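Data block below; observations after.
The values are calculated or read from the model by the stated rules, or taken from the named source; none is laboratory data. Since the model is a prediction, treat every value here as computed from it, not as a measurement. Cβ coordinates were reconstructed from backbone atoms using ideal geometry, including for glycine residues, and neighbour counts include every protein chain displayed. Only protein heavy atoms, including side chains, enter the accessible area calculation; ligands, DNA and RNA are left aside. Shrake-Rupley method; radii C 1.70, N 1.55, O 1.52, S 1.80 Å.
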Amino acid sequence: MRAFIYRRYGPPQRLRMAEVDTPSPNAEEVLVKVLAAAVNAADWHMLRGKPLFSRATLGLLRPKHQILGVDVAGRVEAVGSGVSRFQPGDEVYANLLDHGSGGFAEYVAVPVGVLSSKPASLSFEEAAAVPMAAVTALQGLRRHGELQPAQRVLINGASGGVGSFAVQLAKAYGTEVTAVTSTGNLELARSLGADQVVDYTTTDFARGRGRYDLILDTVGNRSVPDLRRALAEGGKAAVTGFTSVARLLAVSLRGGKDVVQVQARVTSEDLELLTELIEAGKVRPRIDRRYRFTEIPAAIAYLEQGRARGKVVARVA
Ligand SMILES: NC(=O)c1ccc[n+]([C@@H]2O[C@H](COP(=O)([O-])OP(=O)(O)OC[C@H]3O[C@@H](n4cnc5c(N)ncnc54)[C@H](OP(=O)(O)O)[C@@H]3O)[C@@H](O)[C@H]2O)c1
């Protein structure tokens, strides 16, 4: 099969299209013919081997896993001997972050625990856009942030991959949503359902009068004291991203029960819940750019600029 591989850490140009063996699924895996893949920040972090400490798990000198790509949608080609939930031909979507990636390829072996039936109303490209970003938003809001109806919720970075799902999910759970974006993305945030918008180029949400029961910070550019200042009494902040290692460490060291770092772990249960919300018309992926399979390095380079408006996807077949 064809796959993008990388043997050394570096920029997107390091990726090379190569002919490699098609994986064989083990007993608890499904072989998926990949029809679409999404690009995530995790891909460019793993491609560059950054932050450096991540190489302790990615591979100290060179990457252990040579095929990137965590989000896929496609068709089941074959199933392992212990798999009864799926059959060849089923349309599925999955996330491979905790299973060695491998999605930027024509086929990938996926453990059933991170696989779910694809929402019927979505194209393969739209479905591939969902797992990493939407589950991160969901877990950040519900598990870490303890989302409740009627809360005042602020989403920092509301126009990006995680943020565009977070605004819709927070609305689906009956909260009042304030979205923080740059000027050019205010209208996008409103179209996703935000009740109020804050332009970060002119207004600092942490210095304003607003107090929030829950902040989902997808950017990770704010200090812990800034986040605390914007929280209402008893409020919580869940931080998914980070703009520097110092910011990441600060949340771990100076955070606490009220300010927590999100470590999303995608499960098929989360994907099934998202499928329900999507089929109920409450959530829909917002696609920014669509690339061809051969253009995946360009898709990663675009995402790395940090200006995506929703999700960046590639059609694989
Ligand atoms: N912890 C986890 O499990 C997990 C999982 C997934 C992702 N993440 C992390 O979460 C972060 C967000 O991921 P993503 O997929 O949403 O990234 P993304 O799609 O690349 O986010 C880009 C968005 O960030 C916005 N942005 C940039 N600077 C901003 C600022 N100062 N204030 C507000 N918005 C700003 C941009 O909007 P403008 O153009 O308007 O500035 C753009 O819409 C990344 O750091 C990623 O590594 C973590």
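General observations
- Think of each Lys and Arg Cβ as +1 and each Asp and Glu Cβ as -1; about the Cα centre, that makes the dipole of the chain roughly 1080 debye.
- Annotation: peptides 296-303, 184-191, ranked by per-residue average of other Cβ atoms within 10 Å with the highest first, follow the order 296-303, 184-191.
- Sequence-separation-based contact order of the chain, relative, with Cα cut under 8 Å and 6+ spacing, percent: 20
- A simple count of charges around LYS64, restricted to other residues whose Cβ falls under 14 Å of its Cβ and scoring Lys, Arg +1 and Asp, Glu -1, yields +3.
- Sequence of SER81, SER159, SER123 from largest to smallest accessible area, 1.4 Å probe: SER81, SER123, SER159
- Relative contact order for the stretch 111-235, counting Cα pairs under 8 Å that sit 6 or more residues apart, in percent: 23
- Listed cross-link partners LYS236/LYS311; LYS33/LYS282; LYS64/LYS311; LYS118/LYS257 are compared with a 32 Å cut-off, the Cα-Cα value being larger for LYS118/LYS257.
- Using C-alpha pairs below 8 Å separated by at least 6 residues, the relative contact order for the stretch 1-111 is 37 percent.
- Sites GLN87 and ASP21 - FRET efficiency at Förster radius 25 Å, r taken between beta-carbons, to 0.05: 0.55
- Other residues within the sphere of radius under 13 Å centred on the Cβ of ASP288, judged by their own Cβ, net out at +4 (K and R +1, D and E -1).
- Here's the picture: charge each Lys and Arg Cβ at +1 and each Asp and Glu Cβ at -1 in the chain, and of SER244, ALA127, MET17 the one pushed furthest to the positive end of that dipole is SER244.
- The simple spin-label model puts a point 7 Å past each Cα toward its Cβ; for ALA301 and LYS282 those points are separated by 4.1 nm.
- Integer Hz, Karplus 6.51/-1.76/1.60 couplings in order for the stretch 194-210, x for Gly and Pro: 4, 7, 10, 10, 10, 8, 5, 6, 10, 9, 9, 4, 7, 10, x, 7, x
- Projected onto its three principal axes, the C-alpha set of the stretch 213-317 covers 49, 34, 21 Å, listed from the longest axis down.
- Mean accessible surface per residue for the stretch 51-91, computed with a 1.4 Å probe while every protein chain stays in place, in Å²: 59
- GLU77 long-range amide H proximity, modeled H, under 5 Å: LEU31, VAL32, LYS33, GLY89
- Per residue value of the accessible surface for the stretch 196-261 (all protein chains in place, 1.4 Å probe), Å²: 51
- Around SER84: net Lys/Arg minus Asp/Glu count, Cβ-Cβ under 15 Å: -2
- Here the accessible area of the stretch 241-317 is 49 percent carbon and sulfur, with a 1.4 angstrom probe and all protein chains present.
- Put a plus charge on the Cβ of each Lys and Arg, a minus charge on the Cβ of each Asp and Glu, and nothing anywhere else: the dipole of the stretch 161-317 about its Cα centre is then about 360 debye.
- For LEU154, residues with placed amide H under 5 Å, excluding near neighbours: THR178, LEU214, ILE215, LEU216
- Accessible area expressed per residue, the stretch 107-172, with surrounding protein chains retained (probe 1.4 Å, Å²): 25
- TYR107 long-range amide H proximity, modeled H, under 5 Å: VAL34
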